[in-house]
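*Asks:* Below you will find the structure I want to go over with you.
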Amino acid sequence: MPEANQTAWRELMQPTDAPASDHVEITELPQRRVIVVGGSEARDFLHAILSQDIEAIEDDTARFAALCSAKGRALGLLRVVTDGDRVLLVTRADLAEGLLKRLKLYVLRRDVTLDLADDQSAIGVTWPTEARTDCPFADPDACAALARLVRASPSRGHLPAAVDESGRLYLREDLGGDLRVAIHAPIAALAALVSTAEGAAVVTATAWERAAIEDRVPEISGETTEHYVPQWINLDDLEAFSLKKGCYPGQEVIARMHYLGKPNRRLFAGHVLGTASPTPGAAVTNTSDQ
């Protein structure tokens, strides 16, 4: 992307100092990337490699999934969306290159293509609970996609999703709090949307990240990749792995823990006092150092 366009994008996404409480909030989500999986065997390939039952994913629905090591440790958390012959995998930007490289190891002779969507970013759109839920944008395709997602009902394991005529990906991500939708598209397309927004304010990602924590949706980052069995980070609560389909990397460890064991770690939300944020993966102990 030309430097001038990057500068314009950064200026457009500068947070508003004091947005009105009833404004729709727009935030940049630069920590996300999309892996595009194509080819005639794309779904069969992912069904054999990821923890999720890819064959059971319905249209207009995103499902959580993990790519795991043979030892059952999650390398990354994915939101999986089927789009015609393609499958879109939304993950963290700091993991995307590594996950892409790992997936390519399994392709062998299959008719599968794997690519990172170039020059893309994402924005999050949040409607405060008491605010209107109409579309803040002037683009009719975007408004039609958002209207479908607003009417839908998300659940722990099923996120309403849509891909519009322009190829923009929409994911509804709230699981109990304020209505939240992530939009993935080329930066130029996102800039065109944001520049037409009315009754909306650009804000930092803090509120979005807090909402995800309150919704109990974990993050696997570069610091914590390959550290946790899916049950340790509550991926069973998100229905992110299948116990009924055939083998996939890590399946034996995950199934054994489900049927024969008990997770000795779980994910909990909490508050931290002070000004310094804990680092990802930091140990949390009580006063007895336990």
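The values are calculated or read from the model by the stated rules, or taken from the named source; none is laboratory data. Because the structure is a prediction, the values reported are computed rather than measured. Quick reminder, even Gly has a Cβ in these numbers, built from the backbone with ideal geometry, and neighbours come from all protein chains shown.
*Asks:* Where in the stretch 33-151 are there helices (runs of 4 or more DSSP H), lying fully within it, with 2 or more residues that are of a type in the set (Phe, Trp, Tyr) and in contact (Cβ under 8 Å) with a residue 12 or more places away in the chain?
*Replies:* none
*Asks:* Follow-up question, since we're still on this one. Can you tell me which of HIS227, HIS258, HIS271 is surrounded by fewer than 16 Cβ atoms within 10 Å (Cβ to Cβ), free of Cβ contacts under 8 Å to residues at least 40 places away in the same chain and assigned to a loop (DSSP other than H, G, I, E, B)?
*Replies:* Going through HIS227, HIS258, HIS271 in turn, just one is surrounded by fewer than 16 Cβ atoms within 10 Å (Cβ to Cβ), free of Cβ contacts under 8 Å to residues at least 40 places away in the same chain and assigned to a loop (DSSP other than H, G, I, E, B): HIS271.
*Asks:* Moving on. So which residues in the stretch 159-211 are closer than 18 Å to HIS23 by Cα, touching a Ser or Thr at 6+ places or on another chain (Cβ under 6 Å), in contact (Cβ under 8 Å) with a residue 60 or more places away in the chain and not in a loop (DSSP other than H, G, I, E, B), if there are any at all?
*Replies:* Scanning the stretch 159-211 gives ALA201, VAL202, TRP208.
*Asks:* Does ALA147 satisfy the criteria of being at pLDDT 90 or above, within 18 Å of ALA201 (Cβ to Cβ) and either surrounded by fewer than 19 Cβ atoms within 10 Å (Cβ to Cβ) or touching a Cys at 6+ places or on another chain (Cβ under 6 Å) (or both)?
*Replies:* So ALA147 does not fit the description; no.
*Asks:* If you take the residues of the stretch 169-223 that are within 17 Å of the chain's Cα centre (by Cα) and among the hydroxyl-bearing types (Ser, Thr, Tyr), which of them is surrounded by the most Cβ atoms within 10 Å (Cβ to Cβ)?
*Replies:* TYR170
*Asks:* Among the numbered conditions (1) surrounded by fewer than 17 Cβ atoms within 10 Å (Cβ to Cβ); (2) hydrophobic (A, V, I, L, M, F, W, C); (3) at pLDDT 85 or above, tell me where ALA18 comes up short.
*Replies:* In the conditions (1) surrounded by fewer than 17 Cβ atoms within 10 Å (Cβ to Cβ); (2) hydrophobic (A, V, I, L, M, F, W, C); (3) at pLDDT 85 or above, ALA18 misses (3) alone.
*Asks:* Take the stretch 224-252 and flag every residue that is within 28 Å of VAL107 (Cβ to Cβ) and under 17 Å from the mean Cα position of the chain (by Cα).
*Replies:* Listed by number, the residues that qualify are THR224, THR225, PRO230, ILE233, LEU235, LEU238, GLU239, ALA240, PHE241.
*Asks:* Condition check: assigned to a loop (DSSP other than H, G, I, E, B) and under 22 Å from the mean Cα position of the chain (by Cα). Does GLU25 satisfy that?
*Replies:* No.
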